[in-house]
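Presented below is the structure to which this report refers.
Derivation of every value follows stated rules applied to the coordinates shown; laboratory data play no part. Because the structure is a prediction, the values reported are computed rather than measured. Cβ: placed from backbone, ideal geometry, glycine included. Neighbour counts: every protein chain shown.
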Amino acid sequence: MFRFCFLLLVSCSFIAASEEILDRQTTYTCVGTSPAILTNPDGTKTCSTFFGTASTGYPIYKNIHMTTGVVSYVVQTGVNSSGQPIYSPSNQYGQLLNTTTTTLAPATCAGTIVPNIDGTRSCSVKIGTAASGLPIFKVTHMTTGAVSYMVQTATSSTGQPIYSPSNQLGQLLTPTTSCSGTLVTNNDGSRSCVVRTGTCSTGYPIYKVTNVNTQVVTYVSQTGVSSTGQAVMTVTNQYCQPLSG
């Protein structure tokens, strides 16, 4: 069974137990159906237990912060390009909350707050210099708490830096550069692979967009035509339901 992990791009710490899990460094014990202790971005622990099944068929998990006792719920909303589950905040019935106003990670940022293409924000902090002499940044998603590392690899034609995924030492992670669809150039000089994956109930096509540099995956669909005859695109999930916020 999939387990919720606040760090989408890095591994979580799981401690299995049949009836009860107790971490001597925390205040609360972790009990419930299939309990698992997760490590939060700030080093604290959260107890995640299976709570039920949403109307979509995906599992709902009840999360209790083992230091503060704060309770939250998450539900799986899909699967990313590497086959890992994607989770979003929800109420206890699995209905999604607006993730742009729900904070799972600390809202403060010791570096620079940067907007993500889906409207959320990330905190980017310089943590060192790679062997190439270029800066390494630790990027923390301010909604999900997902942590990744980026290093500058080039400069775009407009003078903007181009970043690629790396480990914390600045060594590049090899992104997938092959594309079975159309390669497009983004505003920051990076490239994305656009592949049509289906058709919405409106009749418009659904596209899966994978940033070749960062490997971030989003889905978009045409929702209309502008006054100049250009397609108007909206961020959706993989089933073509528009995302709120």
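Points worth noting:
- Ranked by the mean number of other Cβ atoms within 10 Å of their residues, highest first, the peptides 122-133, 219-230 fall in the order 122-133, 219-230.
- Between region 28-87 and region 125-161, the C-alpha centres lie 29 angstrom from each other.
- Net lengthening on full extension, Thr112/Tyr239 (0.36 nm per residue, minus Cα-Cα): 42.4 nm
- Coordinate range along principal axes, alpha carbons of region 114-245, Å, largest first: 50, 30, 27
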